[in-house]
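Since the structure comes first, as structure tokens, the remarks are kept for the end.
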Amino acid sequence: MTKYRHDSVVPFRDSELGKKEQVADMFDRIAFRYDFLNRFLSGGIDLYWRKRAIRELQALHPSSVLDVASGTGDMAILMVKYLKPESIIGIDISEGMLEIGRKKIAKLKLKEQVQLQRGDSEAINFPDNTFEAITVAFGVRNFEHLENGLEEMLRVLKPGGKLVVLEFSKPRKTGFEKLYNVYCRLIAANIGKLVSNNREAYQYLNESVRAFPEGDEFIGILTKTGFTNTYQKTLTTGICSIYCGSKKFT
């Protein structure tokens, strides 16, 4: 199993915990401010990115969807509106994030369509060939073992099913890239500390994005782990990317 540079990027460098446990702890700590900071730091554009990712599944009309690293349920809630599947199950390693997501889902009266549960992307607790589609929004760079997570998602996809990954990437325009790096390294981290009392979480965001194997490299990893018909779409000058792959019919 190949080890990638981002696999070892962790939120708390002085912690003896592994990446998975550190990420769960980090999101538990910032869960109460996560939605606000997402909207504030992105200027609301993250909702546009999520909708663009969901659009990649519209032609498939999936009836069953697994949302990995579901967090507070934003992707699941949007998929109810735009895809109308019979069932969406969201899994995440942070119980703090899930609890906030469950409250949002209850308030919107979506409990019949959406279920959020504790779950590990590297050991998904469902049988082979369960879901027609899988989404991951801003979660794959948090995997401790990237290939393990991708192989697990492929396993629980039905033949002909589709994976859609939404993830941060580095902007391609030289001048804009410098501005973006300053924003992530200084502004986002300091606002994160001010609002959520956790600078490490937003410093980790910058470091994990910089280390993540994006673009053609990630497409190659998808292919290596067994996905077919892979492709990438970049959004907003490359700040964000959509990666897609399918499970072949056997």
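What the table below lists for this structure:
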{"quantity": "ILE45 being crowded, with 17+ Cβ neighbours inside 10 Å and either farther than 17 Å from GLU132 by Cα or at pLDDT 90 or above (or both)", "calculated": "no"}
{"quantity": "Residue within region 99-113 that is under 20 Å from MET153 (Cβ atoms) and assigned to a strand (DSSP E or B) present", "calculated": "no"}
{"quantity": "Test result for LYS233, in contact with a strand residue (DSSP E or B) (Cβ under 8 Å, 6 or more places away or on another chain), in contact (Cβ under 8 Å) with a residue 12 or more places away in the chain, farther than 23 Å from ARG155 by Cα and charged (D, E, K, R)", "calculated": "yes"}
{"quantity": "Neighbours by Cβ (under 7 Å, 6+ apart or cross-chain): first from region 87-98, farther than 20 Å from SER64 by Cα; second β-branched (Val, Ile, Thr)", "calculated": "ILE93/VAL23; MET97/THR72"}
{"quantity": "Matching residues, region 204-250, being charged (D, E, K, R) and in a helix (DSSP H, G or I)", "calculated": "GLU207, ARG210, ASP216, GLU217, LYS224"}
{"quantity": "Test: residue in region 94-113 that is touching a Phe, Trp or Tyr at 6+ places or on another chain (Cβ under 8 Å) and surrounded by 24 or more Cβ atoms within 10 Å (Cβ to Cβ)", "calculated": "yes"}
{"quantity": "Selection status of ILE88, under 27 Å from PHE218 (Cα atoms) and not in a helix (DSSP H, G or I)", "calculated": "yes"}
{"quantity": "Meets criteria (under 18 Å from SER246 (Cα atoms), assigned to a strand (DSSP E or B), among the acidic types (Asp, Glu) and modelled with pLDDT of 95 or more) for GLU132", "calculated": "yes"}
{"quantity": "Selection status of LYS107, over 22 Å from PHE143 (Cβ atoms), within 15 Å of the chain's Cα centre (by Cα) and modelled with pLDDT of 95 or more", "calculated": "no"}
{"quantity": "Test for GLY90: is it under 16 Å from LEU157 (Cα atoms) and within 13 Å of the chain's Cα centre (by Cα)", "calculated": "yes"}
{"quantity": "Cβ pairs under 6 Å, 6+ apart, first in region 29-48 and under 19 Å from ALA76 (Cβ atoms), second at pLDDT 85 or above and aliphatic (A, V, I, L, M)", "calculated": "ALA31/MET97; ALA31/ILE100"}
{"quantity": "Number of the exception - THR223 against (1) buried (at least 19 other Cβ atoms within 10 Å of the Cβ); (2) over 28 Å from SER15 (Cα atoms)", "calculated": "(1)"}
{"quantity": "Qualifying residue in region 160-177 (condition: surrounded by fewer than 21 Cβ atoms within 10 Å (Cβ to Cβ), modelled with pLDDT of 95 or more and more than 23 Å from HIS6 (Cα to Cα))", "calculated": "yes"}
{"quantity": "Which numbered condition GLU217 misses (of (1) crowded, with 20+ Cβ neighbours inside 10 Å; (2) modelled with pLDDT of 95 or more; (3) acidic (Asp, Glu))", "calculated": "(1)"}
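The values are calculated or read from the model by the stated rules, or taken from the named source; none is laboratory data. Note that the structure is predicted; figures quoted are calculated from it, not measured. Because the Cβ atoms are built from the backbone with ideal geometry, glycine has one as well, and the counts that use them run over all protein chains shown.
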